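Peer 1: Just passing along the structure, written as structure tokens.
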Amino acid sequence: MPDWSAALIVPGSELDGAPLLRRELTLDTGHGEVTAAVLHATAHGVYEAFLNGRPVSDEVLSPGWSAYEWRLRYRSHDVTDLLEPTSVLGFALGHGWWAGRLGWNGGRGYYGSELGVLAQLEITFADGHVQRVVTDEDWTAGPSAVLADDLYDGQTVDARRYSDAWLRPGFAGEGWTGVRTGERDLATLTPYVGPPVRRQADIAPVRTWTSPAGATLVDFGQNLVGWVRVRVSGPAGTEVTLRHAEVLEHDELGVRPLRSALATDHFVLSGGEDVFEPTFTFHGFRYAEVQGWPGELADGDLTAVVVSSDLERTGEFSCSHPLLGRLHENAVWGTVGNFLDVPTDCPQRDERLGWTGDIAAFTPSAAFLFDVEPFLRDWLRDLAAEQQAADGMVAFVIPDVLKYVTKDDPEASAFPDPDSTAVWSDAAVWVPWALWQAYGDLSVLADQYDSMTAHVRRVETLTSPTGLWDTGFQFGDWLDPTAPPENPILAKADNGVVATACLYRSATLVAETAGLLGRSEDQAHFAEVAARTRAAFLEHYVGADGRITSDAVTVYALAIVFGVVEGEQRRLALVDEGGYHIQTGFAGTPFVTDALTTTGHLDAAYRLLLQEECPSWLYPVTMGATTIWERWDSMLPDGTINPGQMTSFNHYALGAVVDWMHRTLGGLAPLEPGYAKVLVAPQPGGGITWAKTALQTRHGRVAVSWSTEGAEGLVVDVELPEGVSALVRLPDGTEREVGAGTSRVAAATAGA
């Protein structure tokens, strides 16, 4: 970590739009050649840094969004090759999460209204001398070509105002003034744990046409997150406008789900050939509406730029059922779109918050698809910081901007004063546990131990005298498909049943964590919490006939998978009675197929998975979805958008079924944390004749493929890296341990 001597600096006078800040520097002489130069930088807002006219990195939207009150992350950039004897260091600033809009009530600037930068350039010479150039009052600030920028509303750029002269020595531009120091506790500066945000891919349009209303519409073929790069020539002062949306409705841009987010970029032409890239915003979109374009759109004029945290893709899956392949790909795109610095619920409307319930449900899936360990460990530090400031309460969203949002609008006022909430607050336990299982690094549990235990200890104080967690506000089985569109909280599953089952699971996992870390007293305490919670559940919620209060699919799924009840629960026949349509929301969906599988209802699990009528996982696929939807029926069968106020077409939580697809359909699961030992146990069904699943683990690549298409019946091929073994377990009872390299195991009974 640098020895910080820099100060936060802000423009000395108010500037219209996004400010620029610069400083000229001359290298110290008499110390030999420069051997290293590192720029440490952060901002109130988001920044782009330049040295001698060149970007110091390809990162965007740094330093991202953290719990700014306690953690402001900085990036460190190697700029050795960019230095010159006389150099200019410059920063462009955008509002970002610091000063832009956050939440659905139109509020902005919850953290602060002033944009500023804090940077320290450390130049090391051959003789060991270190020259430091820091942000201080010797800098100057001035206007840019960016007239407005906001993550929700978009960006306005006037190319007539663009010049790179400010990044060259000797610049003295009109409107440039001094700077002053702002307030920032240097003790809150911390390096990134997770990856930066970068451009990931360019996507060309697949179709351009004129809508019935006369609008020019562009389809990029994939619901994505980022922006559109525009190449255009036209008369100076011409304004080109792009508005973005995920779907069409009545053959026009479907903007109602955006709510108050404008998602609109404005570009004013210089009169020459312009290239616009609005890097201080991002949109969730597949379609764009173009207004004011001079002439006809041509190939290469518009390019969608995919933007995400820079995650390594680790997991692969394919099978003989094409709709399942598309469902899996939708989950991948949903992760890419919503893992943009924080694990957000959605990337398009006036929200984009780090909802804890979504990631609690989806972490096992995400941790297979991508290496998300650094990304989520960074986010968990924010969770712990927010939790510590809230007496152990894990908020609905992390970072917890909702604590600043006023309760003067209908949606906000629907939430009471927050307290620990099942599934959502359980993220404090479930997310680090899932990371431990996926990557095998015990330090994640050690780092989060205080947070994990604080959550369960707080919930202990919230239980009623019966021992049940049946008090306070609960989201419950949020977005149960039977709930009315305007009130997604009205699930069939009893909130107390859901919450008490979740408390049992969290207490059990914390007890196991305490054991792994050698905390014997805590292990005994949390095991006792789990035992008495289970006893209360069985006494108050389970009838003599095995029925659980509210008799909903979700309550049985949670009770079975979490181990609250033992033995087969006959009421899983509810899945059959429901016509193999989805009957679960956020709480039950990640667990329903496992509940069916472990109780001997594999066929029912496949029938549920392969259902194509709404509500189901495959219904959106049949409707052309390229990401996971927030609601089972975000779009109705007639092509209209769900009438509920809250409707997103890029929400990963309900895609958590891909975890089951990896483990049960694909047959690849960890037998020990981090895949130090692997369980290969495919359970074919649903008429699927082959599947391939692979994962780049911490130990190397593990791959499983199986087929039933040959005369010998089920044949499984396994690929393992050095030092890793696998237990192969087939449905006919065949079991065999295999080692590194490639192995083939066939079922003992043909056709098994």
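Peer 1: Got a sec? Which residues in the stretch 629-647 would a label at ARG259 touch, if it sits 7 Å along Cα→Cβ and we count backbone N under 19 Å?
Peer 2: 629-635, 641-647
Peer 1: Follow-up. With every protein chain kept in place and ligands, DNA and RNA left out, what is the accessible area per residue of the chain? Probe 1.4 Å, answer in Å².
Peer 2: 35 Å²
Peer 1: To continue, here is another question. Accessible area of TYR449, 1.4 Å probe, to the nearest 10 Å²?
Peer 2: 10 Å²
Peer 1: What list of ³J(HN,Hα) couplings, whole Hz, do you get for the stretch 353-368 from phi and the Karplus terms 6.51, -1.76, 1.60, once you set θ to phi - 60° and write x for glycine and proline?
Peer 2: After applying 6.51 cos²θ - 1.76 cosθ + 1.60, I find 9, x, 4, 6, x, 4, 6, 4, 6, 9, 4, x, 5, 4, 6, 8 Hz.
Peer 1: Need one number: nm distance between label points at GLN645 and ARG313, each 7 Å from Cα along Cα→Cβ, rounded to one decimal.
Peer 2: So the label points at GLN645 and ARG313 sit 3.9 nm apart.
Peer 1: Counting Lys +1, Arg +1, Asp -1, Glu -1, what net charge surrounds THR210 among other residues with beta carbon under 14 Å of its beta carbon?
Peer 2: -4
Peer 1: Extension gain MET1-ARG547, at 0.36 nm per residue separation less the Cα-Cα distance, in nm?
Peer 2: Difference between extended and current length: 190.8 nm.
Peer 1: So, one more: Using the basic label-point model (7 angstrom from Cα toward the beta carbon), what is the ASP138 to LEU538 distance in nanometres?
Peer 2: 7.3 nm
Peer 1: Around GLU312, what is the net charge, scoring Lys/Arg as +1 and Asp/Glu as -1 over all other residues with Cβ under 13 Å from its Cβ?
Peer 2: Taking every other residue near GLU312 into account, the sum is 0.
Peer 1: Loop-only GluC sites (Glu not before Pro) in the stretch 1-50, please: DSSP not H, G, I, E or B, and at most 14 other Cβ atoms within 10 Å.
Peer 2: When the GluC sites (Glu not before Pro) of the stretch 1-50 are filtered for loop state and at most 14 Cβ neighbours within 10 Å, GLU14, GLU33 remain.
Peer 1: Could I ask something else about it? What distance in nm separates the two pseudo spin-label positions at LEU727 and GLU69, each 7 Å out from Cα along the beta-carbon direction?
Peer 2: Modelled inter-label distance: 4.7 nm.
Peer 1: Would you check the accessible area of TRP436, probe 1.4 Å, heavy atoms only, in square angstrom rounded to 10?
Peer 2: Spelled out: TRP436, probe radius 1.4 Å, area about 30 Å².
Peer 1: What length, rounded to one decimal in nm, is gained on full extension from GLU84 through to ASP441, with 0.36 nm per residue of separation minus their alpha-carbon distance?
Peer 2: Gain in length upon complete extension: 124.2 nm.
Peer 1: Which of rounded, prolate or oblate describes the stretch 155-276 when judged by the alpha-carbon gyration tensor and an a/c cut-off of 1.5?
Peer 2: The shape class here is oblate.
Peer 1: Right, another one. Counting Lys +1, Arg +1, Asp -1, Glu -1, what net charge surrounds ASP81 among other residues with beta carbon under 15 Å of its beta carbon?
Peer 2: Here the count lands on -3.
Peer 1: In addition: Any idea of CYS502's accessible area? Nearest 10 Å², probe 1.4 Å.
Peer 2: 0 Å²
Peer 1: Place a point 7 Å from Cα of HIS129 in the direction of its Cβ. Which residues in the stretch 1-28 have their backbone N less than 13 Å from it?
Peer 2: What the label zone holds, given the 13 Å backbone N cut-off, is 26-28.
Peer 1: As a test of reading the structure, rank ARG180, ARG198 by solvent-accessible area (1.4 Å probe, protein chains only), most first.
Peer 2: ARG180, ARG198
Peer 1: Can you classify the stretch 616-715 as rounded, prolate or oblate using the Cα gyration tensor, where a ≥ b ≥ c are the square roots of its eigenvalues, rounded means a/c under 1.5, and otherwise it's prolate if a/b beats b/c and oblate if not?
Peer 2: It comes out oblate by the Cα gyration axes.
Peer 1: Considering Cα pairs under 8 angstrom that are at least six residues apart, work out the relative contact order of the chain and quote it in whole percent.
Peer 2: Relative contact order comes out at 10 percent.
Peer 1: What does the C-alpha gyration tensor say about the overall shape of the stretch 60-167? Classify as rounded when a/c is under 1.5, otherwise prolate if a/b is larger than b/c, or oblate.
Peer 2: Oblate.
The values are calculated or read from the model by the stated rules, or taken from the named source; none is laboratory data. Bear in mind that the values here come from a model prediction, so they are computed numbers and not experimental data. Note that each Cβ is placed from the backbone with ideal geometry, even for glycine, and that neighbours are counted across all protein chains shown. Calculation scope for accessible area: heavy atoms of the full protein, side chains included, ligands and nucleic acids excluded. Shrake-Rupley method; radii C 1.70, N 1.55, O 1.52, S 1.80 Å.
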